[in-house]
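Each reported figure results from applying straightforward, stated rules to the coordinates on display, with no laboratory input. These numbers come from a predicted model, not from an experiment. Counting neighbours? That spans all protein chains shown, and the Cβs are built from the backbone with ideal geometry, glycine included.
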Amino acid sequence: MAQPSYMRACLLIKPGKIQLAQIPVPLPGPGEVLVRIEAALTCGTDVKAFRRGHPMIPMPAVFGHEYAGVVAAVGDGVEGFSVGLEVMGVHSAPCGNCFYCRRRDFQLCESLMDSKVLGSFAEYLLLPERVVRQNLFEKPPMISFAEAAFLEPLACVVHGIRRSGVEGARRVAVIGAGPIGLLHLLVLKAHGMEVLVAGRRKSRLEAALTCGADRVIDTEEGGDLRTAIRNWTDGYGVDMVFECTGQPSVWQDAIWYVRKGGTLVLFGGCAPGSLVSYDAGRLHYDAITILGVFHFTPADVLEARRLLVEGKVVPGPLISGEYGLEDVPRALERLISGDGIKFVIYPGTVQERKELS
Ligand SMILES: [Zn+2]
Ligand SMILES: [Zn+2]
């Protein structure tokens, strides 16, 4: 089936304003692949951009970056992808020869952010050669498009957990029960950890229990989280804490939840310029490691894909509902008001989907 020359796409015009527009379907150049989006997911970054703008998301422009779909067209020289193949991928890939790539710190590639592709809240997405070569894969039939679209956030989580050296840990705490906190929970359970999740909102904590949390703590109920975590660990503190809120106060408090010799992994990004301070005695005499983590490498994407494909990570409980492209603003508004974890955006309307199925 030939693809049309125009497609429906969500344009983020300015914070708070999204327009559903008809724009030309891009044509793949050498090495590029055009994907017909079957499912996209909302992400915290999209919510931030919609709420108050985001330095990494230009406006006005197409946006959305988590996706899975079907190959609609391929450019010259593309190998391994043919029209009709079901695919899952991420929206960025490292260059392979900058200062950081040569040191294998691919997550810090100097042109990572400039070369990333946005626009999964649309009927089609054109993937650059770099992504096609490194971070695009066949989607096996045993996972749905919506599940496959978790590849990117899951790769970020896999990266931080891999760098933490979690193998030596047994009891860990995840602070924050949003989508990223819950993905941490799923990966840590896949590693066989006992996991405590502390966060807000009943629905999210219920999702944490569904995802296998051994203990959940509602931080809105008051009470001292430090004491609760100590009580859960015979007074010692957990082996590792994964901070997933991006709040400076939480970054600071989290140092008190780890045992001596433990590791605090800072995943949630605070606004640049935020200052945090730590008790020097805790860091030195209690030999605590603090680890900052960001983004992912192609190896993390492969591992995330393995976890999804082998059913080691089943992200279904994180999906709070599904919408068509015209309802992207509604999905983002629900997330801003604290309702829901992640929404699936199907490029067809919900009505069209009902008629198809
Ligand atoms: Zn994302
Ligand atoms: Zn590079």
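Taking the Cα centre of segment 156-292 as the origin, how large is its charge dipole in debye, to the nearest 20, when only Lys and Arg (+1) and Asp and Glu (-1) carry charge on their Cβ atoms?
220 debye
Running a GNM on the chain with Cα contacts under 10 Å, which residue among Ser115, Ser337, Ser164 ends up with the highest mean-square fluctuation?
Comparing Ser115, Ser337, Ser164 in a Gaussian network model of the chain, the most mobile one is Ser337.
How many angstrom lie between the Cα centre of segment 70-95 and the Cα centre of segment 169-198?
32 Å
Considering only DSSP beta bridges whose two residues both sit in segment 224-293, what percent are antiparallel, to the nearest 5?
Looking only at bridges with both residues in segment 224-293, the antiparallel portion is about 0 percent.
Just to check, using Stokes-Einstein with a Kirkwood Rh over alpha carbon pairs, what's the diffusion coefficient of segment 8-158 at 37 °C and 0.692 mPa s in µm²/s?
Value of D from the Cα-based Kirkwood radius: 208 µm²/s.
Taking all pairs of different Cα atoms in the chain, averaging 1/r and flipping that mean, what Kirkwood radius in angstroms comes out?
Final number for the Kirkwood radius of the chain is 21.0 Å.
Which of rounded, prolate or oblate describes segment 156-292 when judged by the alpha-carbon gyration tensor and an a/c cut-off of 1.5?
Since a/c stays below 1.5, the shape of segment 156-292 is classed as rounded.
Pick out, in residue order, every one of the GluC sites (Glu not before Pro) in segment 26-100 that is DSSP loop and has at most 16 other C-beta atoms within 10 Å; say none if there are none.
Passing both the DSSP loop test and the Cβ count: Glu79.
Can you tell me which of Ala280, Ala149, Ala73 moves the most in a GNM of the chain? Springs connect C-alpha atoms under 10 Å apart.
The residue with the greatest mean-square fluctuation here is Ala280.
What's the extension gain from Met142 to Leu302 if we count 0.36 nm per residue and subtract their Cα-Cα distance?
My answer for the length gained is 55.9 nm.
If you filter segment 258-295 for chymotrypsin sites (Phe, Trp or Tyr not before Pro), then keep DSSP loop positions with at most 16 other Cβ within 10 Å, what is left?
When the chymotrypsin sites (Phe, Trp or Tyr not before Pro) of segment 258-295 are filtered for loop state and at most 16 Cβ neighbours within 10 Å, Tyr278, Phe294 remain.
What GluC sites (Glu not before Pro) does segment 238-347 have in DSSP loop regions with at most 12 other beta carbons within 10 Å?
Glu310
State to the nearest 20 debye the size of the charge dipole of the chain about its Cα centre, where the only charges are +1 on K and R beta carbons and -1 on D and E beta carbons.
560 debye
With springs connecting C-alpha atoms under 10 Å apart, model the chain as a Gaussian network and identify which of Asp279, Asp214, Asp327 has the largest mean-square fluctuation.
Maximum among the listed residues: Asp279.
Which order results if Met59, Met7, Met240 are arranged by neighbouring Cβ count within 10 Å, fewest first?
Met59, Met7, Met240
Please work out how much length the chain gains when fully extended from Ser203 to His191, using 0.36 nm per residue of separation minus the C-alpha to C-alpha distance, in nm with one decimal.
So the chain would gain 1.9 nm between Ser203 and His191.
Using 7 Å Cα-to-Cβ label points, what is the Thr227/Asp105 separation (nm, one decimal)?
For Thr227 paired with Asp105, the spin-label model returns 4.2 nm.
Between Leu283 and Leu20, what length in nm is gained on full extension when 0.36 nm per residue of separation is reduced by their alpha carbon distance?
89.6 nm
Restricting to Cα pairs below 8 Å that are 6+ residues apart, what does the relative contact order work out to for the chain? Please round to a whole percent.
With pairs under 8 Å counted, the relative contact order is 18 percent.
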